[in-house]
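Note sheet for the following structure.
The values are calculated or read from the model by the stated rules, or taken from the named source; none is laboratory data. Remember, predicted model here, so these are calculated numbers, not experimental data. Backbone-built Cβ (ideal geometry, glycine too); neighbour counts: all protein chains shown. Remember, those area values only see protein heavy atoms, side chains included, never the ligands or the DNA or RNA. Shrake-Rupley method; radii C 1.70, N 1.55, O 1.52, S 1.80 Å.
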Amino acid sequence: MRHRMRTHAHAEHFLLIVAASLSAASCDASSGANHPHQYAEFSFENDTRSLCAGSEIHLNSYFERAFKFLDIAAPTDFSVPVRVTNEIPCPWRACYQPDRRAVYIADLDAPGDRTGAVLRHELTHAIIDRFWGQGLPFLEEGLAESLSRTLDRAPPPAPEPVGDMLDRVPAEVDYTAAAYFTRFLIDTRGLARFKRLFQQSLGRSRAEIEALVASIYGESFVALEAEYLSGPARCQYQLDVCELELAAAVGDRFHVTRAASCDDPDFYGSEGDDDLDIAAQQTIAIESGGTYRLQIAYDVPPLSTEYPRSQVILTRCGDCDEQSSRTFRQTDEELQLEAGIYALEIVMPFDTVVTIDLRRVDP
């Protein structure tokens, strides 16, 4: 079932007014012009939901950022079957099956999930399996979660010990903690050594895993974990929202109006008989730090009974000491923003219109 826009929303779905430095080429790239290859091939046995126009564009862009992170040349012969079905061959509502090299998912989206997040996580497993093979669940889930950020959007908690999870099955692994430790290993010791650990770890006991760590890293797991625990707050990567190469330069003002429609190629997610959130993203580059006034307005009250979920998440892109995330609904307030890259994740139900205005107010 296709949702029809209300009369007042028949205007352009995408209006972007930024500093003159935003070129037409950037707009073309954000619309998917650089993604001729479809990496996810969908088949629907459960047809209660259908993809929004921008979903494959969004996923292709994520695939390419994951390839770049993992130092994989973007392949032209790689695709992942995605089976949308109620017959899931695993005890969860979504999983990647290595023997079939396919992703199975019962619902494209579900209430309470970040839009498209579960699917991104499972597709990340498919990339890892194809190009790295399989590793122990702690490293499998840690790497997939560190890239896809299914769960993490709030400031991270203080690090906690992870050694007890090294030889656990997936259901006993804290995905977020595994993601933090994975990023710590990659950032401090490099991707090449992490890849060696990953590829040699499957099926080993905890003692064997710790011995493998010592042989690859030249230091004990106990020493690595102690460094991890004694350091600053840990975090995940931000491949899901921070498209650095497409950041729109913001001088004194950024203004955007968007009408949530599944037919708009800027929106990803899915639609069906029940209205769930769909989302759009925009990465911006704040050229000068200072005081900015942020105004967010919706055509309907964002906290009403009918439209309770409308929100804009402003994420500071960067290393763990730079990252932050704030969620706004309808607002008019001043913010202190440092120069740097930020991502706007605009999440709304169907048929709502949001206007975002960010302008510098100090000299």
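Could you go through region 159-164 in sequence order and give the Karplus-derived ³J(HN,Hα) for each residue, using 6.51 cos²θ - 1.76 cosθ + 1.60 with θ = phi - 60°, rounded to whole Hz, and x for Gly and Pro?
Along region 159-164, the couplings run x, 10, x, 10, x, 5 Hz.
Would you give the gap between the C-alpha center of region 58-91 and the C-alpha center of region 163-220, rounded to a whole Å?
The two parts, judged by their Cα centres, are 23 Å apart.
Hey, what do the phi angles of region 71-82 turn into as Karplus ³J(HN,Hα) couplings, whole Hz, using 6.51/-1.76/1.60 and θ = phi - 60°, x for Gly and Pro?
6, 10, 5, 3, x, 9, 10, 10, 8, 10, x, 10
How large is log10 of I(q)/I(0) for region 76-169 at q = 0.19, 0.25 Å⁻¹ when the intensity is taken from the Debye formula with one equal scatterer per alpha-carbon?
Debye output, listed in q order: -1.00, -1.41.
Rounded, prolate or oblate: which fits region 112-235, taking a ≥ b ≥ c as square roots of the Cα gyration tensor eigenvalues, rounded meaning a/c under 1.5, else prolate when a/b beats b/c? Intermediate values should be presented prior to the final figure.
Values: a/c = 1.74, a/b = 1.24, b/c = 1.41.
Since a/c reaches 1.5 but b/c is at least a/b, the shape of region 112-235 is classed as oblate.
For residue 88 and residue 187 in one chain, what is 0.36 nm times their gap in residues minus the Cα-Cα distance, to one decimal in nm?
Working: separation 99, 0.36 × 99 = 35.64 nm, distance 3.53 nm.
Between residue 88 and residue 187, full extension yields 32.1 nm more.
Take the Cβ-Cβ distance between residue 215 and residue 321 as r, set R0 to 35 Å, and report the resulting FRET efficiency rounded to the nearest 0.05.
Efficiency for this residue pair is about 0.65.
Would you mind computing, in nm to one decimal, how far apart the modelled labels at residue 99 and residue 202 are, each placed 7 Å from Cα along Cα→Cβ?
1.3
So for region 218-331, averaging the separation of alpha carbon pairs under 8 Å that are six or more residues apart and normalising by length, what relative contact order in percent results?
Values: 105 pairs, mean separation 26.1, N = 114.
Taking the mean separation of contacting Cα pairs over the length of region 218-331, I get 23 percent.
When the helices in the chain are scored as -39500 (n - 2.57) per DSSP H run of 4 or longer and the sum is shared across all residues, what 222 nm value do you end up with, to the nearest 500 deg cm²/dmol?
My calculation for the chain gives -8000 deg cm²/dmol from helical runs alone.
Across region 160-304, how large is the tail of the calculated P(r) beyond 23 Å, expressed as a percent of all Cα pairs?
Values: 6043 of 10440 pairs.
That tail contains 58 percent of the Cα-Cα pairs.
Taking the C-alpha atoms of region 241-293, how large are the radius of gyration and the largest Cα-Cα span, Dmax, in Å?
Taking only Cα atoms of region 241-293, I get Rg and Dmax of 14.5, 45 Å.
Lys and Arg at +1, Asp and Glu at -1: add these up for the other residues within a Cβ distance under 11 Å of residue 227 and post the number.
Values: positive: 189; negative: 219, 225.
Neighbourhood net charge equals -1.
With the full set of protein chains in place, find how many percent of the accessible area of region 230-363 is carbon and sulfur; take the probe as 1.4 Å. Don't skip to the end; give the middle numbers.
Details: 2420 of 5180 Å².
That share works out to 47 percent.
Any idea what the dipole of the chain comes to, in debye rounded to 20, about its Cα centre with Lys/Arg Cβ at +1 and Asp/Glu Cβ at -1?
Values: 33 positive and 57 negative charges, 83 e Å.
Charge dipole, the chain, about its Cα centre: 400 debye, nearest 20.
Using 1/(1 + (r/R0)^6) with R0 = 41 angstrom and r between the beta carbons of residue 48 and residue 355, what's the FRET efficiency to the nearest 0.05?
Details: r = 32 Å, r/R0 = 0.78.
E(calc), rounded to 0.05, equals 0.80.
Kindly write out, for region 189-202 in residue order, the coupling ³J(HN,Hα) from the Karplus curve 6.51 cos²θ - 1.76 cosθ + 1.60 (θ = phi - 60°), rounded to whole Hz, with x marking Gly and Pro.
10, x, 5, 4, 6, 4, 4, 4, 4, 4, 6, 10, 9, 4
Please list, in order, the residues from region 115-139 whose amide nitrogen is less than 12 Å from a point placed 7 Å along the Cα→Cβ vector of residue 72.
Taking a point 7 Å out along Cα→Cβ of residue 72, the residues of region 115-139 whose backbone N falls under 12 Å are 123-134.
What is the extension gain from residue 160 to residue 172, computed as 0.36 nm multiplied by their sequence separation minus the C-alpha to C-alpha distance, in nm to one decimal?
Numbers: separation 12, 0.36 × 12 = 4.32 nm, distance 1.52 nm.
My answer for the length gained is 2.8 nm.
List every residue whose amide H lies under 5 Å from the amide H of residue 270, counting only residues 5 or more places away in sequence or on a different chain, with H placed 1.01 Å from N in the peptide plane.
Counting only residues 5 or more places away or on other chains, the set is 52.
Quick one: accessible area per residue over the chain, 1.4 Å probe, rounded to a whole number of Å²?
On the way: 15830 Å² over 363 residues.
In whole numbers, the chain has 44 Å² accessible per residue.
Give the angle, between 0 and 90 degrees and rounded to the nearest 10, that separates the Cα long axis of helix 206-217 from the longest principal axis of the Cα atoms of the chain.
80
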